[in-house]
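Just so it is clear, none of the values below were taken in a lab; they were calculated from the coordinates. These numbers come from a predicted model, not from an experiment. A quick note on method: Cβ atoms are made from the backbone with ideal geometry, for glycine too, and the neighbour counts reach across all protein chains shown.
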Amino acid sequence: MPAKYLIDVNLPRFFSIWNDEDYIHQFDLGDEWTDLEIWNYAKLNHLTIITKDSDFSTKMIMQTPPPKVIHVRLGNVKMRQFHDILSKLWPQVIELNSNYKLVNLFHDRLEGIE
């Protein structure tokens, strides 16, 4: 089964909830890619981009998928807190991702944008 999600280089490469065939990390493709190269690769391969980079969510507002974007908006948190928040909310994030082109993940809420 091909990957469904492309994890941007600004997120942890080895992360338990992303450790299966549905996820590919940008580092494995080329950690020096520009945002445009990432966008085009995700679009061509029908991947959802998972990122902390607001450039992707800004671009997604004006676009029609693919790609879709999951924007992790947790700010500067310790890795343990980051893992705890994502582990708790990730099933809901994936569910929202199936219905929305942009999902924003905050400390205290999720937001889906059509």
Review point. Which whole-number percent of Cα pairs in the stretch 35-80 have a distance greater than 12 Å?
Key: 61
Exercise for review: Just give me a number: lysine pairs in the stretch 5-113, eight or more positions apart or cross-chain, with C-alpha atoms less than 14 Å apart.
Suggested key: 7
Check your understanding: If you plug each phi of the stretch 39-52 into the Karplus form 6.51 cos²θ - 1.76 cosθ + 1.60 with θ = phi - 60°, what whole-Hz ³J(HN,Hα) values come out, in order, with x for Gly and Pro?
Key -> 4, 5, 5, 5, 5, 4, 9, 6, 9, 8, 7, 9, 8, 9
Review point. Separation between the Trp90 and Glu32 pseudo-spin-labels, each 7 Å from Cα along Cα→Cβ, expressed in nm?
Key: 3.1
**Study point:** Computed helical MRE - 222 nm, the chain, DSSP H runs ≥ 4 contributing -39500 (n - 2.57), nearest 500
**Key:** -11500 deg cm²/dmol
Review point. What are the residues whose amide H is under 5 Å from the amide H of Ile70, where those residues sit 5 or more places off or on another chain and H is modelled from the backbone?
Key: Ile49, Ile50, Thr51, Val103
**Study point:** Label point distance in nm, Arg109-Lys4, each placed 7 Å from Cα along Cα→Cβ
**Key:** 2.6
Check your understanding: In the stretch 14-80, which chymotrypsin sites (Phe, Trp or Tyr not before Pro) are in a loop and have at most 13 other Cβ atoms within 10 Å, using DSSP for the loop call?
Key -> Phe14
**Study point:** Square roots of five times the Cα gyration tensor eigenvalues for the chain, Å
**Key:** 19, 17, 14
**Study point:** Computed magnitude of the charge dipole of the stretch 5-113 (debye, nearest 20; Cβ of K, R +1, Cβ of D, E -1)
**Key:** 380
